[in-house]
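These notes concern the structure reproduced below.
Just so it is clear, none of the values below were taken in a lab; they were calculated from the coordinates. Quick caveat: nothing in here was measured; it's all calculated off a predicted structure. Cβ coordinates were reconstructed from backbone atoms using ideal geometry, including for glycine residues, and neighbour counts include every protein chain displayed.
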Amino acid sequence: MKTVIVGCGRVGATLAELFDRAGHEVIIIDVATRAFDRLPPSFSGSAIRGDGTDEDTLRRAGAEEADVFLALTEGDNRNVMAAQVAVEALRARRIIAKINDPLRAAAYADLGLATLCRTTLMTDAVAAYLGLTGSGLPGILAPSGTHDGGEHHEPEAPAGVAGGAVGVREG
Amino acid sequence: MFVLVVGGGKVGYYLTRELIENGHEVVLMEKDRARADQIADEIGSVVMPHDGCEGKYLADAGANRADIVAAVTGDDEDNLVICQMARHHFDVGRTIARVNNPKNERLFKHLGVDEIISPTRMILGSIEQDIPVHELLHLAALGEGELELIEAHLQAGSPAVGRATKDLDIPEGCSLFALIRAGVAAPLRPDTVLREGDKVIAIGKTECEALLHGQLIGEAEAVDAG
């Protein structure tokens, strides 16, 4: 299974290690080479320095047709953009974008991205531990919108940009 | 008209001022507090010192009744999200995004942003108009740097158009060897008749270039006249 991770922070690095150990092909991308210090010496995947929102960079890194694409940088909007490039241009299959703003996380789930919201996750963890009522929302919102992570592509879409778009308006 | 401008840099600032002067209702969102205060001192209370990417603040700024949202920050990913939130979450009729990286234009259009403004592309276009297109393109230096791989794009004024390769006066030490016609590459044969729009790939000594230019592109005067 080809796994692409954008953002080598704690979560990104930990997941990279996890997938790598499980024998999957892992490509991890970060704008800072230093971030790769978080990877263990045993890591056998590829660590590539570059901008994960840039289509050419992602292609050069071999991110096309990834089975799993995780956008986990510290910037909500960078994650949104990377995830949409993955859906539209790279034909990635299962995509998760970390979006810490709950409203934006819900909005993009509506538009067809699976979204992971740290705010909701942590709030609910604390609430549960202290016996309070949480938000009732799942930490990962499954896509509820027009397409489910890029599996419905139309061949007549322009080259490099697949159909089944998030939020494309007619005309 | 109610216009929501997001991003209080130079573009957002002057845009807001012009819109107000033209009698429009405007709210400007700028997440940097100091910058927001600075603009507010000058143009008044239309400035909101919050991040226009956050759904909550967009709602506070009245995004749901905006006629137009203009996302003009310096970060493409922010501009994309602002426009998508405006369109899909607040039903704004018209979204405009500033795009800094020209490579993002197609993606933004495809993702439903109504209008893309690309300053980089505009300046690039302006510069390219000043560069003569009737030139030989150097693809690579070969050997010890004595040989050049060259591409010539044949325009209407080229003396080579309508002639067979064998009838051209190709300088010694120079070889035309490939033809690209409508994106298809083929070997260049002596009896191949060249057409406008063809690209000819040549290899030759550096000093042959002027002669090659005369044969494939035309003399400098001829180019100016054309």
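Scanning chain B for trypsin sites (Lys or Arg not before Pro) that sit in a DSSP loop and have at most 16 other Cβ atoms within 10 Å, the longest stretch containing none of them is B:1-162.
Centroid-to-centroid, using Cα positions, the stretch A:53-125 and the stretch B:78-92 are 17 Å apart. Peptides A:61-70, A:81-90, A:33-42, A:104-113 ranked from most to least packed give A:81-90, A:104-113, A:61-70, A:33-42, packing being the mean of other C-beta atoms within 10 angstrom over each peptide's residues.
Helix B:119-130 and the longest principal axis of the Cα set of chain B meet at an angle near 30°.
Computed from Cα atoms, the angle from the helix B:10-21 axis to the main principal axis of chain B rounds to 60 degrees. Shape analysis of the stretch B:2-46 based on the Cα gyration tensor places the equivalent ellipsoid semi-axes at 16, 10, 9 Å, largest first.
Counting Cβ atoms of other protein chains within 10 Å of each Cβ in A:74-85 and taking the mean gives 5. For the stretch B:88-196, what class follows from the C-alpha gyration tensor (a ≥ b ≥ c being the square roots of its eigenvalues): rounded when a/c is under 1.5, otherwise prolate if a/b is larger than b/c, else oblate? Here the stretch B:88-196 falls in the prolate category. When the square roots of the Cα gyration tensor eigenvalues are ordered a ≥ b ≥ c, the ratio a/c for the stretch B:136-225 is 1.5 or more and a/b does not exceed b/c, which makes its shape oblate. Here the gap between B:Ala164 and B:Lys10, fully extended at 0.36 nm per residue and compared with their Cα-Cα distance, gives a gain of 49.8 nm. Inter-part distance, the stretch B:171-214 to the stretch B:1-72, computed on C-alpha centroids, equals 56 Å. Here r is the Cβ-Cβ distance between B:Arg181 and B:Leu149 and R0 is 22 Å; the resulting FRET efficiency, rounded to 0.05, is 0.75. Look at the alpha carbon pairs under 8 Å that are at least 6 residues apart: their mean separation over the length of chain B gives a relative contact order of 13 percent.
The angle between the Cα long axis of helix B:33-43 and the main principal axis of chain B comes to about 80°, on a 0 to 90 degree scale. Overall shape: oblate for the stretch A:1-156, with the ratio a/c of the largest to smallest alpha carbon gyration tensor axis at 1.5 or above and b/c at least equal to a/b. Taking 1.002 mPa s as the viscosity and 20 °C as the temperature, the Stokes-Einstein diffusion coefficient of chain B based on its alpha-carbon Kirkwood radius rounds to 100 µm²/s.
Remark: the stretch A:64-76, residue by residue, has Karplus-estimated 3J(HN,Hα) of 5, 6, 5, 6, 10, 10, 10, 9, 10, 6, 7, x, 3 Hz, where x stands for each Gly or Pro and the curve is 6.51 cos²θ - 1.76 cosθ + 1.60 at θ = phi - 60°. Mind giving me the nanometre distance, one decimal, between the label points for B:Asn64 and A:Arg49, set 7 Å out from Cα along Cα→Cβ? Here the modelled spin labels are 4.8 nm apart. The protection proxy used here, the mean number of other Cβ atoms lying within 10 Å of each residue, ranks peptides B:68-80, B:41-53, A:127-139 as follows, highest first: B:68-80, B:41-53, A:127-139. Per residue, the convex hull spanned by the Cα atoms of the stretch B:2-127 amounts to 100 cubic angstrom.
Compute the label zone of A:Val11 within the stretch A:117-146: residues whose backbone N is under 14 Å from the point 7 Å along Cα-to-Cβ. Of the residues in the stretch A:117-146, A:117-125, A:138-142 have backbone N under 14 Å from the label point off A:Val11. Over chain B, DSSP H runs of length four or greater, each weighted -39,500 (n - 2.57), average out per residue to a 222 nm ellipticity of -9500 deg cm²/dmol. For a Förster distance of 41 Å, can you work out the FRET efficiency between the beta-carbons of B:His138 and A:Thr33, rounded to the nearest 0.05? My answer for the efficiency is 0.80.
Peptides A:48-56, B:186-194 ranked from most to least packed, by the mean per-residue count of other Cβ atoms within 10 Å: A:48-56, B:186-194. If the viscosity is 0.692 mPa s and the temperature 37 °C, what translational diffusion coefficient in µm²/s does Stokes-Einstein give for the protein assembly as shown when Rh comes from Kirkwood over Cα pairs? Answer from the Stokes-Einstein relation: 133 µm²/s.
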